[in-house]
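Peer 1: My structure is below; once you've seen it, I'll send some questions.
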Amino acid sequence: MVATALAATALVGCGVEADRQTQTRAIEVAQTSNGITPEDLAAHTRALSDDRMMGRAPGEEGEAVTLGYLQAAFERIGLAPAGDAALPGSAPESPRFLQKVELVGITANGETSRLSFRGFAEASALDLEHGRDFVTRTSIPEEVVDVSGEVVFVGYGIDAPEEGWNDFGDMDVAGKILLVLPGEPPVENPERFGGQEMTYYGRWTYKIEEGARRGAAGVLLIHDPETAGYTWDVIKSRTGEALQKADRSVLPPRPPLLGWLSAEAAAKVFNAAGLDLDQLAASAARETFTAVDLGATATGHLDNTVRQVASYNVAGMVEGSDPESADEFIIFVGHWDHLGVGKEVDGDDIYNGAIDNAIGTAALLEVAEAWVSAEPAPRRSALFIATTAEESGFLGVVSYIENPVVPLDKTLAAINIDGVNVFGPTDDVWIVGEGLTTLEDDLAAVLEARGRYLSPDPAPEQGNFFRSDHFPFAQVGIPALCVRPGTSYIGKPEGYGREVWDDYYSNRYHQPSDEFDESWDFNATAEDVQVMFEVGLRVSATEAWPQWHDGSEFKAARDMMLQNARP
């Protein structure tokens, strides 16, 4: 494997310092790869993002092909089955690598979906256009859903007693349709709402949950690409099937109607009410803000197709070498699912999800293979889970946490792999949730040994910690880590990293154009995957368990979990 990687770098241009650095780094990765190779990462990524996977949507045609590929890889690597089911249609004695996840799929008919506003004092009725102006969903698994309610603007939709902030005030919003701003109020005090870094109050999921807790009939978020980190085209891609757990009893509530308004459509609604959205948004940034009744009624109509969906995680494990520690586990997780077949864009309707997250699944397989062959064998055990339904709200992980293979109090850490660098070698990486856990110290040590460093989150205001499969682990108290591609690219001008990733999120993220690219630099990918593998090895080898730092909102859950586990 080393010889192959060396040959691949032999033609790197000489005489240019950046090229020499790149070549040296590629050689170093090959020499310490533990079987993590650019060739294997490329092969897995190419296969998992191929059109025959049909975009890897849960419960669709592509899932069966994806599951077959992943199980074959798990078996070849030598992982022990850690599931409760075999591949559908296989023999009874087949290995059980699959964990069943019961879902309900609700697909709203975009051609008949309607959202209208009536009753304005100074304007006529306003009928919005689906896709261009709004996208709506429902949490009610029924074929026809009609929702109506008075329209109220509730600012950022936040009730945070510890921050002395309540956008709802004394207003009873039960049965009403709420219009909500994204993110958090731009308060001047850097100690409030996590400073630059978004807290969960800024996530759209929190706003929907808070509206549901208050009995709202609907919550409509006003889209802002800067706050969200993606364009309206990404919102439009959510017009396909929406998945939810068949049993939602353990999950936060959802209102009957939820969705998004484009900024332009929202401005029309406020203008029709004789109000200015920009002025109201400015007032919502102050503690004195009070919810505003728009004096109108919103009505949403959805014709739905409803189906029961059986999807699967794929799970395998490696037993630790130390008998006294083998019942303690590190979990590596990466979601295999994407958006499937959807709206055609430039003649293509397959959402291949090469970066999101075929490459992360490829990395999961490579880390698993390295773990099996590591010398000396890791002290603690490891569980590798390729999860389903991350794109629908981390439902595969939620299902696992409800029915864990390994007791949660014996789970030291969850390392999530979601998107990996493909654009060239970097001096750095960054993590979501900076400063939360001691896993960050392990990561920094691994990077330092390789002459690299940990850089700060380049977009802390986007709340990336709450946007991938590590988050449900954190919610129940398990220290979680998600490593993200760096921004300091060797031999590239300052700003190049932000430029290439901004281009990805603007033009390919959740679009059919997120496809495998033969020009990608899988030497750089292998280097970052090796780092994640070595972080796992450090956790496996140390006496001390990873910990949440004081002040983390997840520390109390972990402390309670471990306290309850004591005999």
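Peer 1: Taking the structure as given and computing percent of Cα pairs over 33 Å apart, which label from [x] 53; [y] 44; [z] 48 fits?
Peer 2: [y]
Peer 1: For the peptides 465-476, 369-380, what is the packing order when you average, over each peptide's residues, the other Cβ atoms within 10 Å and list the highest mean first?
Peer 2: Highest-to-lowest ranking by the protection proxy: 465-476, 369-380.
Peer 1: Let me ask something additional. If you plug each phi of segment 317-326 into the Karplus form 6.51 cos²θ - 1.76 cosθ + 1.60 with θ = phi - 60°, what whole-Hz ³J(HN,Hα) values come out, in order, with x for Gly and Pro?
Peer 2: With coefficients 6.51, -1.76 and 1.60, one gets 9, 10, 6, x, 7, 9, x, 7, 10, 5 Hz.
Peer 1: Pop the C-beta distance of A80 and S283 into the FRET formula with R0 = 60 Å and round what comes out to the nearest 0.05.
Peer 2: 0.55
Peer 1: DSSP H helices in the chain with Cα extent of 27 Å or more along the helix axis and mean Kyte-Doolittle hydropathy at least 0.0?
Peer 2: Qualifying helices, which must be both long enough and hydrophobic enough, are 522-541.
Peer 1: Normalising by the residue count of segment 190-302, find the relative contact order in percent from Cα pairs under 8 Å and 6+ residues apart. Please report the intermediate quantities before stating the final value.
Peer 2: Details: 74 pairs, mean separation 29.1, N = 113.
Normalised by residue count, the contact order of segment 190-302 is 26 percent.
Peer 1: What are the lysines whose alpha-carbon lies under 18 Å from the alpha-carbon of K207, with same-chain residues fewer than 8 places away excluded?
Peer 2: Once the sequence-local lysines are set aside, what remains near K207 is K176.
Peer 1: Any chance you could run the full-extension gain for D276 through E142? It's 0.36 nm times the residue separation minus the Cα-Cα distance, nm to one decimal. Before the final figure, lay out the partial values.
Peer 2: Details: separation 134, 0.36 × 134 = 48.24 nm, distance 3.63 nm.
Length difference between fully extended and current span is 44.6 nm.
Peer 1: For an R0 of 51 angstrom, estimate the FRET efficiency from the Cβ-Cβ distance between A246 and H549 and round to the nearest 0.05.
Peer 2: About 0.90, to the nearest 0.05.
Peer 1: What's the FRET efficiency of E39 with E93 using the Cβ-Cβ distance as r and R₀ = 30 Å, to the nearest 0.05? Write out the running numbers ahead of the final one.
Peer 2: Details: r = 34 Å, r/R0 = 1.12.
My answer for the efficiency is 0.35.
Peer 1: Determine the sum of side-chain charges near A296: Lys and Arg each +1, Asp and Glu each -1, restricted to other residues whose C-beta is under 10 angstrom from that of A296. List each step's numbers first, then the result.
Peer 2: Values: positive: R118; negative: E150, D293.
With Lys, Arg at +1 and Asp, Glu at -1, the neighbours total -1.
Peer 1: Something else now. With each label point set 7 Å from Cα along the Cα-Cβ vector, what nm distance links S506 and E61?
Peer 2: Each label point is offset 7 Å from its Cα along the Cβ direction, giving 3.5 nm.
Peer 1: Looking at the square roots a ≥ b ≥ c of the eigenvalues of the Cα gyration tensor of segment 517-567, which shape do they give, rounded for a/c under 1.5, prolate if a/b is larger than b/c, or oblate?
Peer 2: In terms of gyration-tensor shape, prolate.
Peer 1: Same structure again: Counting pairs of alpha carbon atoms under 8 Å apart in space and at least six apart in sequence, what relative contact order in percent does segment 435-548 give?
Peer 2: 41
Peer 1: Hey, what did the chain get for relative contact order, percent, Cα under 8 Å, at least 6 apart?
Peer 2: Relative contact order of the chain: 20 percent.
Peer 1: Determine, for each peptide in 327-337, 506-516, the mean count of other beta carbons within 10 angstrom over its residues, then list the peptides with the highest first. Walk me through the intermediate numbers first.
Peer 2: On the way: 327-337: 25.4, 506-516: 19.2.
Final packing ranking: 327-337, 506-516.
Peer 1: Could I ask something else about it? Below 20 Å, Cα to Cα, which lysines can K555 reach? Residues fewer than 8 away in the same chain don't count.
Peer 2: List returned: K410.
Peer 1: Over the C-alpha atoms of segment 445-510, what are the Rg and the largest Cα-to-Cα span, Dmax, in Å?
Peer 2: 14.3, 42
Peer 1: Do the sum for the chain: with -39,500 (n - 2.57) for every DSSP H run of n ≥ 4, divided by all residues, what is the mean residue ellipticity at 222 nm, to the nearest 500 deg cm²/dmol?
Peer 2: Theoretical 222 nm ellipticity from helices: -9000 deg cm²/dmol.
Peer 1: What is the diffusion coefficient of segment 148-195 in µm²/s, taking the Kirkwood radius over Cα pairs and the Stokes-Einstein relation at 4 °C with a viscosity of 1.567 mPa s? Before the final figure, lay out the partial values.
Peer 2: Working: Rh = 11.9 Å.
Rounded to a whole number, D works out at 109 µm²/s.
Peer 1: Give the peptides 340-350, 419-429 in descending order of average Cβ contacts within 10 Å, highest first.
Peer 2: Descending mean neighbour count gives 419-429, 340-350.
Peer 1: Then there is this: Check each of the GluC sites (Glu not before Pro) in segment 126-224 and keep only those in coil by DSSP with at most 14 other C-beta atoms within 10 angstrom; list them in order.
Peer 2: Listed in order of number, the matching sites are E129, E142, E143, E188, E191.
Each reported figure results from applying straightforward, stated rules to the coordinates on display, with no laboratory input. Not measured: the values here are computed from a predicted model. Neighbour counts run over all protein chains shown; Cβ positions are idealised from the backbone, glycine included.
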